[in-house]
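Heads up: the structure comes next, in structure tokens.
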Amino acid sequence: MNWGIFQGLLSGASHFSTAFGRIWMSVVFVFRLLVYVVAAERVWADEQGEFDCNTKQPGCTNVCYDYYFPVSHIRLWALQLIMVTCPSLLVLMHVAYREDRERKHRQKQGEDCGRLYLDTGKKRGGLWWTYLISLIVKALVDSVFLYIFHLIYKDYSLPYVVKCTLPPCPNIVDCFISRPTEKNIFTLFMVVTTIVCILLNLCEIGYLVSKRCREKLTKQNQPNNVLAYLQKQEMFHANNKVNEEIDLLPHIHVTPPETKLK
């Protein structure tokens, strides 16, 4: 699979992300995608071929392998990476829709017309909701896959030996998993990075919501401040007008009364 598409997707979405979003993308790209491509695929490349059971009964090894590995780690991780990066594509599509609207508006009204958006990539209006929904979906996707891994592989670990009694196995058959320690280390690493990504998504959600609440409170307080400012200005101009009227009045000189000499 060519993962360069997802690399370009993450790089494009980083331009419209917050600091938490950029950290999330770095973790996904470096600690999940690169580890998956460089190392994890090779570790699980021989999982079925090296799954060895101490019997020569035809079909026993395949049945036991399918029972203990209903879905391979590597395929689940690939599906998880694809689904967790799709919400970023939704944000890019919304930004592209804004840019297309802005371009058509200019073509119709002329280059000197007003802009529909001050910044097509600024998280305001519908784009803010799209970005928030994408964060919620990312956190839910990672959480669901963590739960699936926990259901299929208890405690996210693989045993050294599994005992299989499924037909056509003649009796209790011991089956041995190839490189279980190495696979457990990679599994634990991917689980920890997934939890870190979920926490980063939750932090970014909290940051966006708190920032929007602060902006709402600031806007609510602005009319009172403006009203107080206008009242001060009105009083200032009224005082100036009174002073000007006083200056225009003629100066009345009052002569003191003459005193009679006795």
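FYI, it's all coordinate maths here, none of it is from the lab. Owing to the predicted nature of the structure, the values given are computational and were not obtained by experimental measurement. Quick reminder, even Gly has a Cβ in these numbers, built from the backbone with ideal geometry, and neighbours come from all protein chains shown.
Subtracting the Cα-Cα distance from 0.36 nm times the residue separation, let me have the gained length for Lys216 to Leu132 in nm, one decimal.
The span from Lys216 to Leu132 would gain 28.5 nm if fully extended.
Going by average Cβ neighbours within 10 Å, how do the peptides 174-183, 143-152, 101-110, 82-91 rank, with the highest at the top? All intermediate terms of the calculation are to be shown ahead of the outcome.
Numbers: 174-183: 15.9, 143-152: 14.3, 101-110: 11.7, 82-91: 18.8.
Ranking the peptides 174-183, 143-152, 101-110, 82-91 by packing returns 82-91, 174-183, 143-152, 101-110.
Between Val209 and Lys163, what FRET efficiency follows from the Cβ-Cβ distance if R0 is 45 Å, with the result rounded to 0.05?
Efficiency, from the Cβ-Cβ distance: 0.35.
When only DSSP loop residues count, what GluC sites (Glu not before Pro) in segment 33-87 have their Cβ near at most 11 other Cβ atoms within 10 Å?
Glu50
With Cβ to Cβ distances under 12 Å as the rule, what net charge do the other residues near Thr193 carry (K, R +1; D, E -1)?
Numbers: positive: Arg32; negative: Asp142.
Summing Lys/Arg as +1 and Asp/Glu as -1 gives 0.
Within segment 150-168, list the residues whose amide N lies under 17 Å from a label point set 7 Å along Cα→Cβ of Asp66.
164-168, by backbone N distance to the label point.
Taking amide H positions as placed in the peptide plane 1.01 Å from N, state which residues far from Cys53 in sequence (5 or more) or on other chains have amide H under 5 Å from it.
Phe176
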